[in-house]
Every structure is written in structure tokens, then in C-alpha cells.
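I have placed the structure first, in the form of C-alpha cells, so that the comments after it can refer back to it.
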Amino acid sequence: MSDATEASQRMNAVLQRQKAAHLRDGAPSAEKRIDWIDRAIKLLIGHEAAIVKALNDDFGNRAAAVSGITDVSGSIGPLKHAKANLKVWMKPEKRKTTPVLLGLMGAKAEVQFQPKGVVGIISPWNFPVNLTFAPLAGVLAAGNRAMIKPSEFTPATSELMAKMFGELFSEEEIAVFPGGPEVGQAFSELAFDHLIFTGATSIARHVMKAAAQNLVPVTLELGGKSPVILGRSADYATAAARVMAGKTLNAGQICLAPDYVLAPEDKLRQFVSAAVSSVETMFPTIKDNPDYTAVIADRHYDRIRGYIDDARAKGAEVVEINPAHEDFSQQQHRKIPPTLIINPTDDMKVMQEEIFGPVLPVMTYKSVGEAIAYVNAHERPLGLYYFGADAAEEAQVLASTTSGGVTVNDVIFHVAQEDLPFGGVGPSGMGSYHGVDGFREFSHRKSVYRQLKKDLGPMKMLRPPYGEGVMKFIAGSMKP
């Protein structure tokens, strides 16, 4: 028996045990859900140092502050929010009856939120802890059990999470399955009650196809080329600092990282100068600076360097921001200094694929309508960022473009808002979670209608033999 077959059989056995436990125990009480969430929070607090070390080992170099903010604190926040609100979320939602007269006579309609059962979570390598625990907050608040497949690109963190969950959860509650692509393929083929995948659009197509074999509903959190539109009214020093902070966070290895900038022609040099100054302030040195994260793996390093080389070969102006003039040809880690590609063309690879690294193309436009048209000519992104003080222009950009979400006068920050849904649209994803939207995403919304107890005349009228009364009812429904 191959390792892949053995892993598939083991995962399916755990899935059946979790489904049986869900049927045996029924929908968990609010208190039980809070207990699950409290245990998850305890794991994060108790293993903070180990998480930071594992992430540093996996990346080669990752700032402790970045791991603390994004993967530890950023995971505790969603769990605390769910814990504080789940009792309200669980309450049935009253709806109006049709026709309204039925409600006046005593009929009732409501939506009940029922746990789906077992939810599969496929988490990525860029924020492996956060993108496991953040969806888990909604999964547990909704009363589900979970099976988790973490990324093979972060083996130390994946093994640590398996150990962590094993300490405080039984496999009937939460189970973790580290492993390579073959384990991921088998995992995506399981008959979950729901599956959430965070990762690349190319892989998502395979995941969705596998899930479709069992008609498993999916939430896909993907990415794309998230644009920045700089209005003429923007504060360029502040805008550049915020854009470059977002671009260099985790070395740009973020699904929501600003992927390219659209700046007014007459403001291009002002933005470039401010971008260089902001990086010099944040990272006086880069090569051995623990605050600057390395690229996760050799193939991703080569891919990103390939974007730069391709753009340079095709005539782009390339601005490498290297404040200390360090030599990166020989280095211990896979670090790439922040790099601007000025006025790229669409035949360059950097404009054809999601960058997922510290490289930022900067394009120009004559009118904001031209910038909007460029965005709309490409696939709908996960995020869009507008900088400016012109309310009318802001409204034009937001109304005329479609993206998963928007942050105005900053980048990425909408994902940190627990009371806003987070998700993509089209190639950047489907479905959404965070806060109450995550609770509802992982719940079955069951429609319940309670009919009148008495069999009144209007009820009898709708049964055969049909007479004048039902004809009047039909005629009345046709009136405008």
C-alpha cells in the first residue's frame, strides 16, 4: 500500500468518526462552542514562542514581530470576536410570511443556523497559522468539527500545529494532516460538509474539481493582482509609506499585497522618490536585517528574480531599493530587496501573474477613467486600494470597479476588520468569512415555516375541487 493510499484511508476514517460524533452529539451548545474557542486561544498563547521559531525556521528569516502580529495576535483576534458574539449569531432570524396576511393570522417564518458538520481547511504557507485559525473561528462558532491540511512549504509550522491541536482536541473534534501534494489531493477529494481553501488560483481549480465529485460546497480565498490607484489629491509621502509597508510585509508574500500602482503621469517621480525614502526609513539595511523577511523557497525566489530580469530585458526601468548597497549575489537567506518596475508593458511576466514578492510595477495614467479601464480589462482582484482626498473620485473608483474588498487610503487593512466579510470575486475567490459572515458561511441556513393551526377557509380554497375563490386569488396576484 502506498503512503498516499494509506494517508487517504486514515483521513477518510477520521472524517467518518467526526461525522458520526456530530450525529451522536448533535448541534453543540453555545457553551461547548466557547469551550472549543477557548482551547484554540490557549494553544496560541501557550505556544507563541514555538510558533515564532517554527515560522522563522520555515522562511529562513522572518521577523518575530511580523509573526507575532499576523500569525499569533492576528489569530487570537478572530477567535475572541467569535466567542463574544456567537450567542447572538446563533439565534434564529425571523422572516416575513408570504402573503403577509398569514403572519397576521399566526403563521411564522424563520431561518435557523445549523452546523454543517465537518469542515475541511486547506491552509497556505504565507500565513500558515493565521489562515488556519482565522477560518477556524467561524467553523467552531458555527458548531462544526474540523480537519486541517497545512502547507508542505512550512513543514516545521505544520508539524507544530499538528502537535498543538493534539494536546487539547481529540481527533473527533479537530485533526491535522501534514504532508505533501499527494496528501493535499486526497484531502480535497474527501466528502466534507464544506471545504475552505486558501491559496493560488491555479491550485484552486484542482481543489474545486475534486470537491465537485462529492458536491462539497467550497469557499475559495485566492488572490490576483490587487491594484493601487493614486489620485492626484493623495498625500504622496503617506501613500508611498503605506504602500511600501504593505509590499514589504512578509516580503510581499501576501494574497492582498499591492500588486501594481497606477499613478498620474505628472506624479510618477514624486511617488517613486517617496517610495524609496520610505523603504530607506524602514530598512536601512536588508541583507542581515531580521525585520526583512526572506522568500519562502528557492523556486519562488527564482520566479520573482525572473520577473525582474524579464522586465529589464524588455526595456523597463528597474529601481532596486538597496539603501546600504549590499551584495545579494551571496547570501545566507533568499532575500530580494524591494524593487520598482517603472512603466512596465503587458508583455512582461510581472504584469501577467500575481507577483507574491517584494516587486512593485508602477504605471501611469492620464485620467482616472483610464486607470479604471485598465483595472476592468483584467481579472477581478482580491483587493483594490485608492488613495486620495477627492470624495467624488473615490466614489467613481469604487462604483466602477469590482474587487473582493477595498481599503481607502491604505492597503490590506480591510482584512483586519472582523465585522467585514473577507473574500474574493471570480478568479480571486468565492464565498467569504470573518465575523458573522464566517459563522453564516459555515452554517446551514435552514428555512422553517410554521403553518396556521386552524384550517381556515382561505387554506381550504386552495385545494380541489377548484372554484370561484381560487380564480379570484389568481386574478388578484396578476394585478400590478
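The values are calculated or read from the model by the stated rules, or taken from the named source; none is laboratory data. Keep in mind that what you see is a predicted model, and the values were worked out from it rather than measured. When we count neighbours, we look across all protein chains shown, and the Cβ atoms used for this are built from the backbone with ideal geometry, even at glycine. Side chains are part of the model used for accessible areas, which takes the heavy atoms of the whole protein and leaves out ligands, DNA and RNA. Shrake-Rupley method; radii C 1.70, N 1.55, O 1.52, S 1.80 Å.
For R440, all conditions in the list (1) in contact with a Gly (Cβ under 8 Å, 6 or more places away or on another chain); (2) surrounded by fewer than 22 Cβ atoms within 10 Å (Cβ to Cβ); (3) charged (D, E, K, R) hold save one; what is the number of the exception?
Single failed check for R440: (1).
Go through the range 135-159 residue by residue and tally those that are assigned to a helix (DSSP H, G or I), crowded, with 24+ Cβ neighbours inside 10 Å and of a type in the set (A, V, I, L, M).
5
Just the residues that are more than 19 Å from R440 (Cβ to Cβ), in contact with a strand residue (DSSP E or B) (Cβ under 8 Å, 6 or more places away or on another chain) and open to solvent by less than 50 Å² (accessible area, probe 1.4 Å), please, taken from the range 182-222.
Correct list: V183, G184, F187, S188, L190, G199, A204, V207, A211, L222.
Check G223 against each of (1) within 19 Å of the chain's Cα centre (by Cα); (2) under 30 Å from E182 (Cβ atoms); (3) modelled with pLDDT of 95 or more and name the one condition it does not meet.
Here G223 meets the rest and fails (3).
What are the residues in the range 263-281 that are crowded, with 17+ Cβ neighbours inside 10 Å and of a type in the set (K, R), if any?
Scanning the range 263-281 gives a single hit, K267.
Yes/no matrix, rows are residues, columns are (1) part of a helix (DSSP H, G or I); (2) in contact with a Cys (Cβ under 9 Å, 6 or more places away or on another chain); (3) within 24 Å of G143 (Cβ to Cβ); (4) free of Cβ contacts under 8 Å to residues at least 12 places away in the same chain:
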| residue | (1), (2), (3), (4) |
| --- | --- |
| I34 | yes, no, yes, no |
| A40 | yes, no, yes, no |
| L44 | yes, no, yes, no |
| A50 | yes, no, no, no |
| A54 | yes, no, no, no |
| I69 | yes, no, no, yes |
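Among what's in the range 113-134 and is assigned to a strand (DSSP E or B) and not polar (S, T, N, Q), pick the residue that is farthest from G60 (Cα to Cα).
Here the residue is F113.
Quickly run through the range 148-164 and pick out the residues that are within 18 Å of the chain's Cα centre (by Cα) and closer than 30 Å to V88 by Cβ.
Once the filter is applied, which keeps residues that are within 18 Å of the chain's Cα centre (by Cα) and closer than 30 Å to V88 by Cβ, the range 148-164 yields only I148.
What tally of residues in the range 160-181 results from selecting those that are in contact (Cβ under 8 Å) with a residue 60 or more places away in the chain and either open to solvent by 10 Å² or more (accessible area, probe 1.4 Å) or part of a loop (DSSP other than H, G, I, E, B) (or both)?
9
Every residue in the range 85-104 that is loosely packed, with under 13 Cβ neighbours inside 10 Å and either hydrophobic (A, V, I, L, M, F, W, C) or touching a His at 6+ places or on another chain (Cβ under 8 Å) (or both), please.
The answer is V88, V100, L101, L104.
Under 7 Å between Cβ atoms, which residue pairs at least 6 apart in sequence (or on different chains) link something in the range 251-263 that is assigned to a strand (DSSP E or B) with a partner that is of a type in the set (D, E, K, R)?
Within 7 Å, the pairs are P258/K247; D259/K225; D259/E354; Y260/K225.
Checking Y449 against (1) over 24 Å from the mean Cα position of the chain (by Cα); (2) farther than 29 Å from K87 by Cβ; (3) open to solvent by 80 Å² or more (accessible area, probe 1.4 Å), which test does it fail?
In the conditions (1) over 24 Å from the mean Cα position of the chain (by Cα); (2) farther than 29 Å from K87 by Cβ; (3) open to solvent by 80 Å² or more (accessible area, probe 1.4 Å), Y449 misses (2) alone.
State all residues of the range 386-424 that are in a loop (DSSP other than H, G, I, E, B) and either basic (K, R) or open to solvent by 40 Å² or more (accessible area, probe 1.4 Å) (or both); if no residue qualifies, say none.
Those that are in a loop (DSSP other than H, G, I, E, B) and either basic (K, R) or open to solvent by 40 Å² or more (accessible area, probe 1.4 Å) (or both): A389, D390, T402, N409, Q417, D419, L420, P421.
Have a look at V415, V411 and point out the one that is in contact with a Leu (Cβ under 8 Å, 6 or more places away or on another chain) and over 23 Å from L140 (Cα atoms).
V411
Going through the range 223-250 one residue at a time, which ones are open to solvent by less than 10 Å² (accessible area, probe 1.4 Å), over 12 Å from V261 (Cβ atoms) and aliphatic (A, V, I, L, M)?
The answer is none; no residue qualifies.
Just to be sure before I move on: is H22 surrounded by 15 or more Cβ atoms within 10 Å (Cβ to Cβ), in contact with a His (Cβ under 9 Å, 6 or more places away or on another chain) and either assigned to a helix (DSSP H, G or I) or without any contact (Cβ under 8 Å) to a residue 60 or more places away in the chain (or both) in the structure I sent?
Against the criterion (surrounded by 15 or more Cβ atoms within 10 Å (Cβ to Cβ), in contact with a His (Cβ under 9 Å, 6 or more places away or on another chain) and either assigned to a helix (DSSP H, G or I) or without any contact (Cβ under 8 Å) to a residue 60 or more places away in the chain (or both)), H22 does not qualify.
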